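Inspection log for the structure reproduced underneath, given as structure tokens.
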Amino acid sequence: MPSLFASYLRVYEPLTAFDRDRQSFWRRYAKEGRDLGPVEGPVRQRTAVLEALGAGWTRLPDLPDEAYVLEWDNSILVCPWNLRLRVAEAALTARDGVPAVLADAFVPPILAGQAKAVVEDWRSGAKVLEQGVPRVHEQVSTWGVPLRWFAFVDLEERDIALKARRRTLRYRTEISKARRRAHRAVSVLRKSLGDAPITEAVEEGTRWLEEFHPRSVVELDYGGLVNLLPEDKLTEDDSPGLVAAGLSALSRGDGESASEAYEKLVARWRAVQLLERCN
């Protein structure tokens, strides 16, 4: 399982994005206050997956439907956790790089096959056809924030709180704005850099955003990373602004300014990534 020192890119969808049964379920779920916020949620997710992995592996476990809930413009939006998918991915990850005897003892081949089927169904889009919802509402990155995510938000959309036990830094925006920024970023990068890895990464993120309801909300959450950064660094963080400046410079053909913005951004987040080696 990933460290809790992770960042998150989430999409919250309105209830109308789901079928009638799911709408009723999520409406009742929100009304009963069963949801956890993005501060407590990752801990619950981690615990649920670890408990499922340690359950004796008689079968791939069924897990309860959970989601983050957001009130936005007097509407209820939800970001489902897809815990069954997370357990399946964790089971396959647990076998990676482990001798076959140990891998089979911890995750027997028959259960690994079930886990692989769950993951492949979601990746192939089978669940989109079956349930009418996108495959995954939340992307997770440990020990840093993927630089491409900053292309989807604007510095003015930042929401920061620095209370002792509930420090948060996140950006929230309408998905229509995130899509426009993403498409512009792809256009600039393709014209300037061609088929570079960063171009392909932003294109992949853009395709992901296109899967969701047009009235969804995108959230970039620094998650547990806020506990690794001092208050002044959080307050002064302008990563989305640096990405916007770099893209603007590229569009003008100003490679020097674009490189300067990129180098600042990389240096900032490399310092966080290096903390993993000290952990």
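So, in the range 214-234, how many residues would count as being open to solvent by 10 Å² or more (accessible area, probe 1.4 Å) and either touching a helix residue (DSSP H, G or I) at 6+ places or on another chain (Cβ under 9 Å) or of a type outside the set (D, E) (or both)? So the answer is 9. Restricted to the range 109-137, and to residues there that are at pLDDT below 75 and either part of a loop (DSSP other than H, G, I, E, B) or of a type in the set (F, W, Y) (or both), the residue that is most open to solvent (accessible area, probe 1.4 Å) is R135.
Answer yes or no as to whether V140 is open to solvent by 50 Å² or more (accessible area, probe 1.4 Å), within 22 Å of A201 (Cβ to Cβ) and at pLDDT 80 or above. Spelling it out, V140 is indeed open to solvent by 50 Å² or more (accessible area, probe 1.4 Å), within 22 Å of A201 (Cβ to Cβ) and at pLDDT 80 or above.
In the range 194-225, what residues are closer than 20 Å to L242 by Cα and in contact (Cβ under 8 Å) with a residue 40 or more places away in the chain? Spell out the reasoning first.
Restricting attention to the range 194-225, the residues satisfying the condition of being closer than 20 Å to L242 by Cα are 196-203, 205-206, 218-222, 225.
Within the range 194-225, I198, A201, V202, G205, V218, E219, L220, D221, Y222, L225 meet the criteria.
If you go through the range 226-250 and pick out every residue that is within 14 Å of A151 (Cα to Cα) and in contact (Cβ under 8 Å) with a residue 40 or more places away in the chain, you end up with 9.
Exactly one residue among R84, R59 is assigned to a helix (DSSP H, G or I) and at pLDDT below 80, and that residue is R84. Filtering S3, S7 for residues that are at pLDDT below 90 and touching a strand residue (DSSP E or B) at 6+ places or on another chain (Cβ under 6 Å) leaves a single hit, S3. Among the residues of the range 157-196, those that are open to solvent by 40 Å² or more (accessible area, probe 1.4 Å), in contact with a helix residue (DSSP H, G or I) (Cβ under 7 Å, 6 or more places away or on another chain) and assigned to a helix (DSSP H, G or I) comprise R181, H183, R190, S192, L193. In the range 225-244, of all residues being modelled with pLDDT under 90 and not in a helix (DSSP H, G or I), the one that is farthest from the chain's Cα centre (by Cα) corresponds to P230.
Would you pick out the residues in the range 245-268 that are among the hydrophobic types (A, V, I, L, M, F, W, C) and more than 23 Å from the chain's Cα centre (by Cα)? Don't jump to the end; show me each part of the working.
Narrowing the range 245-268 to residues among the hydrophobic types (A, V, I, L, M, F, W, C): 245, 247, 249-250, 258, 261, 265-267.
Passing the criteria: A245, A249, L250, A258, A261.
Once the range 28-48 is narrowed to residues that are part of a helix (DSSP H, G or I) and closer than 20 Å to P14 by Cβ, the residue that is nearest to the chain's Cα centre (by Cα) is G41. With the requirement that a residue be under 25 Å from S75 (Cβ atoms), over 15 Å from the mean Cα position of the chain (by Cα) and assigned to a helix (DSSP H, G or I), what does the range 197-216 give you? The answer is none; no residue qualifies.
Could you list all residues from the range 255-268 that are open to solvent by less than 50 Å² (accessible area, probe 1.4 Å) and of a type outside the set (V, I, T)? Even if it seems obvious, please write down each step before you answer.
Taking the range 255-268 first, the residues open to solvent by less than 50 Å² (accessible area, probe 1.4 Å) are 255, 257-258, 261, 265-266.
If the condition is that a residue be open to solvent by less than 50 Å² (accessible area, probe 1.4 Å) and of a type outside the set (V, I, T), then G255, S257, A258, A261, L265 are the ones that fit.
Residues satisfying the criterion are absent from the range 204-213 (criterion: buried (at least 18 other Cβ atoms within 10 Å of the Cβ) and in contact with a Leu (Cβ under 7 Å, 6 or more places away or on another chain)).
The values are calculated or read from the model by the stated rules, or taken from the named source; none is laboratory data. Please read all numbers here as calculations on a predicted model, not as lab measurements. Every residue, glycine as well, gets a Cβ built from its backbone with ideal geometry; the counts of neighbours run over all protein chains shown. Surface areas here come from the heavy atoms of the whole protein model, side chains and all, with no ligands, DNA or RNA. Shrake-Rupley method; radii C 1.70, N 1.55, O 1.52, S 1.80 Å.
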